[in-house]
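The values are calculated or read from the model by the stated rules, or taken from the named source; none is laboratory data. Quick caveat: nothing in here was measured; it's all calculated off a predicted structure. Cβ: placed from backbone, ideal geometry, glycine included. Neighbour counts: every protein chain shown. Accessible surface areas use protein heavy atoms only, side chains included; no ligands, DNA or RNA. Shrake-Rupley method; radii C 1.70, N 1.55, O 1.52, S 1.80 Å.
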Amino acid sequence: MTVTSATDAGPSRRSDSRLGHRLEHADRAAETRAPFYRQFAFWFPVGMYAVSRLYVFVAVVVLAKNQIALSPGLESIRIAYPTPADPGYLTAMTNWDGQWYRIIAENGYPAVLPTLPSGQIDMNPWAFFPVFPLSVGAIMSLTGLPFVVVAPVLSTVIGFPAVYLLFRLVDRAVGRWEAIVAVTATCFFIASSIFNASYTESTALLLVVTVLLLLRARHYWWVAVALVVLSLTRNVVMVMAPVIVTHAIVRWRQGDEGPQPVRWRWGMAALASFAAALTFLWPTIVSMATNTPDAYNRTMQAWNIQTEIKLGLWWQLLDEYAGVSAQVLGVAGVAAFAWWMLSKHSWRWGPEIWAWAGAYPAYILLVTSPTASRVRYALLAFPMTLIIAWVLRLRWWDRYRYWLLGGILVLGAAQMWWWTQHYLIIETLGDDLYP
């Protein structure tokens, strides 16, 4: 049964806006009988994503005029493919890690790990997971198109089904209003320009949402397949283990384990273990392909990325910014989020979204370093948008929630412009800013 947002905030029809009531209380049966392109659940997420991508296109066309010329040998940034100043939209969308993906798409992975004079492993393509760059390479081979065309276009196109399925997931699990907010806030998130770039964010979002949808639908064999693809796309598959465990616990407590409960429990345990074990799939492939023990971790160390728990680094970062006051605010923020996750408001999301909402931020704090890339990583934390949806449904401003959501969209667009200019486009080598 789908729980709508109206049950949580409890507005009456008299207090609700006409637009809100029409959108959020639509006749679902009649909607599904209409052609798919006329269904709100299709054209809204696709249209919102298209508008946001057009905005990013305009922003990059304008901002790329200020990009400096990049040539090999620069000390501040590793350049494999030199580019002129004002390189245009497509080339600008292959900045930073895009160059590494280009190496993989055009040349594959090296059989021998490069080493520095000190004997340490140098930066190399094995640090990057294969699904996206090898897909780009396959399309390049079939079409004859260059990387600077295929990679940004493919990343942008993959975002369409990702955002559509995101809307579908939230709409079915929580409600129509929450789905509207989730799509709007995701499309106009500060770092969402990366969906247009030669990065894996759109592919990862598509796979995460797909796994959650398949888990809700109890298509467990397909969940296993999607987990394998996710494990070769981004290093986040371990987060799916607690999601699967939560899904299993809720079904067990509800007495909804099917005709063979013991067999089902063993199956869920195996699936959760499989998700956790897949964390080691790519590192194992790297070691076997290069005949080098611990090759993946040694490669990551070339980027100064260590394998220990990173919570202390976040604590240190807060201290560097504003001392004890920032640390107190950080602890308060984590405590407030924990309280929220234990409240009835988050339980409405269903076990799959709820577990991802808790496990993925924990993964960010414990496993990743506090660098600029964490803003980009937050794109996969889409359940956070459901908190925004709840706040906008509070009785003080519920009637004006669509106007407020429009204000969030405008604010997000301004932030996107700023982030694109200062992080994605390379205007100077003096600042340590990267997406």
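Computed values, structure above
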read-out	value
Residue list for the stretch 137-181, restricted to those being open to solvent by less than 10 Å² (accessible area, probe 1.4 Å), in contact with a Lys or Arg (Cβ under 8 Å, 6 or more places away or on another chain) and more than 22 Å from residue 351 (Cβ to Cβ)	147, 151, 159
Pairs, first within 17 Å of residue 387 (Cβ to Cβ) in the stretch 324-349, second open to solvent by less than 50 Å² (accessible area, probe 1.4 Å) and small (Gly, Ala, Ser), C-beta under 6 Å, six or more apart	340/346; 341/358
Selected residue (only one of 280, 274 is within 28 Å of residue 114 (Cα to Cα) and either under 26 Å from the mean Cα position of the chain (by Cα) or open to solvent by 30 Å² or more (accessible area, probe 1.4 Å) (or both))	280
Filter pass, residue 250 being over 20 Å from residue 367 (Cβ atoms) and out of contact with any Leu (no Cβ under 9 Å at 6 or more places or on another chain)	yes
Residue that is more than 21 Å from the chain's Cα centre (by Cα) and open to solvent by 50 Å² or more (accessible area, probe 1.4 Å), where the choices are 222, 252	252
Qualifying residue in the stretch 28-43 (condition: loosely packed, with under 11 Cβ neighbours inside 10 Å and polar (S, T, N, Q))	yes
Only one of 298, 263 that is among the charged types (D, E, K, R), open to solvent by 50 Å² or more (accessible area, probe 1.4 Å) and under 30 Å from residue 248 (Cα atoms)	263
Search result, residues across the stretch 132-149 that are of a type in the set (A, V, I, L, M, F, W, C) and free of Cβ contacts under 8 Å to residues at least 40 places away in the same chain	134, 138, 139, 140, 142, 145
Tally of residues being among the polar types (S, T, N, Q) and within 20 Å of residue 194 (Cβ to Cβ) across the stretch 60-77	2
Enumeration of residues in the stretch 182-202 that are open to solvent by less than 10 Å² (accessible area, probe 1.4 Å), assigned to a helix (DSSP H, G or I), touching a residue at least 60 places away in the same chain (Cβ under 8 Å) and over 26 Å from residue 250 (Cα atoms)	183, 184, 186, 187, 192, 193, 194, 195, 196, 201
Scope the stretch 203-218; condition free of Cβ contacts under 8 Å to residues at least 24 places away in the same chain and either open to solvent by less than 10 Å² (accessible area, probe 1.4 Å) or farther than 17 Å from residue 246 by Cβ (or both); matching residues	none
Checking residue 79 against (1) β-branched (Val, Ile, Thr); (2) touching a residue at least 24 places away in the same chain (Cβ under 8 Å); (3) in contact with a Pro (Cβ under 8 Å, 6 or more places away or on another chain), the condition it does not meet	(2)
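Residue by residue, here is whether (1) open to solvent by less than 10 Å² (accessible area, probe 1.4 Å); (2) assigned to a loop (DSSP other than H, G, I, E, B) holds:
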{"residue": "377", "(1), (2)": "no, no"}
{"residue": "389", "(1), (2)": "yes, no"}
{"residue": "394", "(1), (2)": "no, yes"}
{"residue": "411", "(1), (2)": "no, no"}
